Structure formats: structure tokens, C-alpha cells
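> Next up is a structure, given as C-alpha cells.
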Amino acid sequence: MKHYLIADRYARSLTSALEDDTALEPALEALQGIGRLFADNHELHSIIANPAIAVKKRIAILNAILDRDDTPTLLKKLVATLVLRGRITLLPD
């Protein structure tokens, strides 16, 4: 239950950072896609969640993947923040 509360805080911050309500649905779809990618790809999950790998390297790997899908900058920043704060495992939530 605690994970959902923490994930909810990040979701609320993302919602408030969006420019307008029309951006909410595309952002939600993109975020769900990123969450599925992270949850379904064990190798990616292992690399990105591994604290032994430098944070900059993990963020660079994620950005390379997200750039292929034209992920909005705001979502890339959210994902980078989750990596920096050791909360990337919350992404599917």
C-alpha cells in the first residue's frame, strides 16, 4: 500500500506540471507505456533498478529508449527523477 501512496505523489506532481488538461491523456498513455516496458522487460528492470550502475548511465539508457518513442520531455524528467531518488521501481504503479 505504501508504494501506491508514494506513486500517487509523483502522479499528482506530474498532473500539476502539465500545461493544460488536454495534455493529461497523452501523458497518461505515454507513462503507462513506459511502465509496461519497465515491468515486462526483466533485463531493463535489472539494469535500471541496479544501484551498482552509475545513475547517469541508467538515465542515459532510459533516455535513449524514450527518445526512440518521442516521449515528452516532462515524462523523461519524471523518469530521471525516479532513478535519482531510487524510486524507479514505482514506475509501473
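The values are calculated or read from the model by the stated rules, or taken from the named source; none is laboratory data. Treat the numbers as computed from the prediction; the structure is a model and nothing was measured. Counting neighbours? That spans all protein chains shown, and the Cβs are built from the backbone with ideal geometry, glycine included. Remember, those area values only see protein heavy atoms, side chains included, never the ligands or the DNA or RNA. Shrake-Rupley method; radii C 1.70, N 1.55, O 1.52, S 1.80 Å.
> Does a label point 7 Å from the Cα of Leu24, set along Cα-to-beta-carbon, have any residues of region 41-73 with amide nitrogen under 20 Å, and which are they?
Flagged as within label range: 72-73.
> Something else now. What list of ³J(HN,Hα) couplings, whole Hz, do you get for region 45-55 from phi and the Karplus terms 6.51, -1.76, 1.60, once you set θ to phi - 60° and write x for glycine and proline?
For region 45-55, the Karplus-derived couplings read 4, 5, 6, 5, 8, 7, x, 6, 8, 4, 4 Hz, x marking Gly and Pro.
> Could I ask something else about it? Would you mind checking which residues have amide H under 5 Å from Asn41's amide H? H placed 1.01 Å from N; only 5 or more apart, or other chain.
So Asn41 has HN proximity to no qualifying residue.
> Identify, among Ala39, Ile59, Pro26, the residue whose Cα sits farthest towards the positive end of the charge dipole of the chain, taking +1 on the Cβ of Lys and Arg and -1 on the Cβ of Asp and Glu, with the dipole about the Cα centre.
Farthest towards the positive end: Ile59.
> Still on this structure, please answer the following. Which ³J(HN,Hα) values, rounded to whole Hz and listed in residue order, are derived for region 81-93 from phi using the Karplus coefficients 6.51, -1.76 and 1.60 in 6.51 cos²θ - 1.76 cosθ + 1.60 with θ = phi - 60°, glycine and proline given as x?
After applying 6.51 cos²θ - 1.76 cosθ + 1.60, I find 5, 4, 5, 4, 8, x, 10, 4, 5, 7, 3, x, 6 Hz.
> Right, something else. Please list 3J(HN,Hα) in residue order for region 56-64, calculated via the Karplus relation 6.51 cos²θ - 1.76 cosθ + 1.60 where θ = phi - 60°; whole Hz, with x for glycine and proline.
Along region 56-64, the couplings run 4, 5, 5, 5, 4, 4, 4, 5, 4 Hz.
> Another question, if that's okay. Accessible area of the chain with a 1.4 Å probe: how many percent of it is carbon plus sulfur?
Of all accessible area on the chain, carbon and sulfur atoms account for 54 percent.
> Placing +1 at every Lys and Arg Cβ and -1 at every Asp and Glu Cβ, with all other atoms neutral, what dipole size does region 31-93 have around its Cα centre, in debye to the nearest 20?
320 debye
> Kindly provide the helix-only [θ] at 222 nm of the chain, computed as the sum of -39,500 (n - 2.57) over DSSP H runs of four or more divided by all residues, to the nearest 500 deg cm²/dmol?
Helix contribution divided over all residues of the chain: -22500 deg cm²/dmol.
> Here's something else I'd like to know. Per residue, what accessible area does region 48-93 have, given a 1.4 Å probe and all protein chains present, in Å²?
On a per-residue basis, 59 Å².
> Check Arg87: other-chain or 5+ apart residues with amide H under 5 Å from its amide H, H built from backbone geometry?
Here the answer is none, since no amide H 5 or more places off falls under 5 Å of that of Arg87.
> On to the next question. How many nm separate the modelled label positions at Ala54 and Arg12, each set 7 Å beyond the Cα in the direction of the Cβ?
With each label placed 7 Å out from Cα toward Cβ, I get 3.6 nm.
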